[in-house]
Amino acid sequence: MSSSPPRRTESRGRAAASARAARVLAALGDETRLALVGSLCAGGAVSIAELTSGTPISRQAVTKHLQVLADAGLATDIRDGRERLWQFEPRALAAAMKSLGLIEQQWRKAILRTGQGR
């Protein structure tokens with residue numbers, strides 16, 4: 001039975017975490033999606049009608065943006081009869097924040113090595 005050395009497995013794990021973080025950050029890079037995440041964080045599951053109320057954005061556009069958020073792991077939908085209710089999923093954002101924290105640590109070490117971090 002052959003297994004990968006721990007270093008290689010660890011490297012693959014970091015690469016996968018980085019790829020997931022990149023999807024989250026890319027999804028949040030759009031101002032409409034960022035606003036939708038803010039609305040979803042405000043509390044409870046909400047319908048597309050509620051999300052579009054008082055905005056110039058169409059339901060179809062919001063649906064597409066919500067699908068991008070769902071693909072990135074930032075939102076999930078729940079069926080309520082004929083309606084889909086959407087809610088924020090915090091785990092993907094927490095994982096992306098953890099990845100950014102690790103990158104920040106690496107940057108700090110690199111800056112200190114160059115002598116510019118004084």
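The values are calculated or read from the model by the stated rules, or taken from the named source; none is laboratory data. Being a predicted model, the structure only gives us computed values, none of them experimental. A quick note on method: Cβ atoms are made from the backbone with ideal geometry, for glycine too, and the neighbour counts reach across all protein chains shown.
Run down 70, 75, 49 and say which single residue is out of contact with any Pro (no Cβ under 8 Å at 6 or more places or on another chain) and more than 17 Å from residue 25 (Cα to Cα). Result of the check over 70, 75, 49: 49.
Tell me yes or no: at least one residue of the stretch 44-54 is more than 27 Å from residue 102 (Cβ to Cβ), charged (D, E, K, R), surrounded by 10 or more Cβ atoms within 10 Å (Cβ to Cβ) and out of contact with any helix residue (DSSP H, G or I) (no Cβ under 7 Å at 6 or more places or on another chain). The answer is yes, given that some residue of the stretch 44-54 is more than 27 Å from residue 102 (Cβ to Cβ), charged (D, E, K, R), surrounded by 10 or more Cβ atoms within 10 Å (Cβ to Cβ) and out of contact with any helix residue (DSSP H, G or I) (no Cβ under 7 Å at 6 or more places or on another chain). Against the condition in contact with a strand residue (DSSP E or B) (Cβ under 8 Å, 6 or more places away or on another chain) and of a type outside the set (Ser, Thr, Tyr), how does residue 74 come out, does it pass? Considered against the rule, which asks whether it is in contact with a strand residue (DSSP E or B) (Cβ under 8 Å, 6 or more places away or on another chain) and of a type outside the set (Ser, Thr, Tyr), residue 74 comes out as yes.
Please determine whether any residue of the stretch 99-112 is part of a helix (DSSP H, G or I) and either more than 23 Å from residue 15 (Cα to Cα) or at pLDDT 95 or above (or both). Checking the stretch 99-112: at least one residue is part of a helix (DSSP H, G or I) and either more than 23 Å from residue 15 (Cα to Cα) or at pLDDT 95 or above (or both). Annotation: residue 25 fulfils all but one of (1) closer than 18 Å to residue 100 by Cβ; (2) surrounded by fewer than 14 Cβ atoms within 10 Å (Cβ to Cβ); (3) of a type in the set (A, V, I, L, M, F, W, C); the unmet one is (2).
Filtered by the rule that a residue be touching a residue at least 24 places away in the same chain (Cβ under 8 Å), part of a helix (DSSP H, G or I) and within 15 Å of residue 76 (Cβ to Cβ), the stretch 39-61 gives 40, 41, 48, 51.
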